[in-house]
1. Could you list, in sequence order, the residues of the range 92-109 that are within 14 Å of the ligand (Cβ to nearest atom) and over 14 Å from residue 202 (Cα atoms)?
2. It is to be established whether one or more residues within the range 209-220 are within 23 Å of the chain's Cα centre (by Cα), closer than 30 Å to residue 34 by Cβ, assigned to a loop (DSSP other than H, G, I, E, B) and outside the structural domain of residue 367 (by TED's automatic domain parsing).
3. Across the range 173-208, what is the number of residues that are surrounded by 15 or more Cβ atoms within 10 Å (Cβ to Cβ) and assigned to a helix (DSSP H, G or I)?
4. Take the residues in the range 139-148 that are without any contact (Cβ under 8 Å) to a residue 12 or more places away in the chain and within 13 Å of the ligand (Cβ to nearest atom); name whichever of them is farthest from the chain's Cα centre (by Cα).
5. Within the range 52-73, can one find any residue that is modelled with pLDDT of 95 or more, in contact with a helix residue (DSSP H, G or I) (Cβ under 8 Å, 6 or more places away or on another chain), more than 16 Å from the ligand (Cβ to nearest atom) and not in a loop (DSSP other than H, G, I, E, B)?
6. What do you reckon, is residue 237 modelled with pLDDT under 95 and within 20 Å of residue 170 (Cα to Cα)?
7. State all residues of the range 78-90 that are in contact (Cβ under 8 Å) with a residue 12 or more places away in the chain and within 16 Å of the ligand (Cβ to nearest atom); if no residue qualifies, say none.
8. Restricting to the range 354-380, count the residues that are buried (at least 18 other Cβ atoms within 10 Å of the Cβ) and assigned to a helix (DSSP H, G or I).
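The values are calculated or read from the model by the stated rules, or taken from the named source; none is laboratory data. Bear in mind that the values here come from a model prediction, so they are computed numbers and not experimental data. Every residue, glycine as well, gets a Cβ built from its backbone with ideal geometry; the counts of neighbours run over all protein chains shown.
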Ligand SMILES: [Zn+2]
């Protein structure tokens, strides 16, 4: 007997349209239509640590906690319960210059997601009990960070690396706990009214939806106000560009922690930044090969990029035994210099391009991934006039990167004349210069 093969079509071919930007009552709304059964509605506000001072550092982080719950339909302002019971995924985050609120769920819950996101973003309810509850949550969150073994090291690097107070103190738990005590429902509302407006706020709707209905939904919830003033970030300078190698004594440590931070002026979404991303992956591979596999000096090597409105910083973290500190520092300098002088072959960078493609396909094609990607792109574009890059464009840039591009990127961006290096242990400093 012949068995008939049953083919199950799990999903139809994904169709995604290019984003469309609309002005609704002077708020910018980005639409990304796809045929997914899922929907993500988000808001982005261009603010964060960069706008804060020592005296109010942490205010946006606390506001993020408060706003995420400042919604009438959440009983006792418990939006965790309200949204979880609806099966809607949600969260919020605060970075150097972006606050993000998102929901992610089934298409059928579109109205609930739209109402929640717009109301917490433009008409949040400030309530004393809610503010006090979230002050406790932030306090505990900051305490956890303070007890992280890397706390002292990161905090010291931030102080040396940035020249803006908000960024210098963005990792300073002690200062943030002090400030927390000062915040209340009234002064938070004042800060919110002064700093969150239709010019630094953006909404994004990604998935399968009825566009007309969504537009009407926004219109009824976003009240019209004249376009508010835009802050000019084009000439902002956040980095000290200081060259230093510093020892930080920490009696609690059993080994040595090493942190390197290079500032660059590379802008979000620039071609040079994409090249640097690839260069970073390649270089981290060689750090690992040489430091861990060949010389048995470390457990892992963490090389990462952090992008904000001032540019991008390159951060490297490793830890090692105290007796190997000097050896590791010398090797780090040697490896970076080696790839400044020697060009890799085409074959050597190929695997990293493939790795990028895997990540790209895995994260960038769903409604949530697209909303995350375009939300950031459009809010940066508004303030810095940076480009909008479609997934295909990003892929093309990656594919065309040459070994020469990588070498030039390492030469230009891993600049020892601007390097902040802090190493920390309970022992003593070593004689070494980058
Ligand atoms: Zn938090």
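1. 92, 93, 94, 95
2. no
3. Within the range 173-208, residues that are surrounded by 15 or more Cβ atoms within 10 Å (Cβ to Cβ) and assigned to a helix (DSSP H, G or I) number 12.
4. That would be 140.
5. no
6. Considered against the rule, which asks whether it is modelled with pLDDT under 95 and within 20 Å of residue 170 (Cα to Cα), residue 237 comes out as yes.
7. Residues satisfying the conditions are 79, 90.
8. 14
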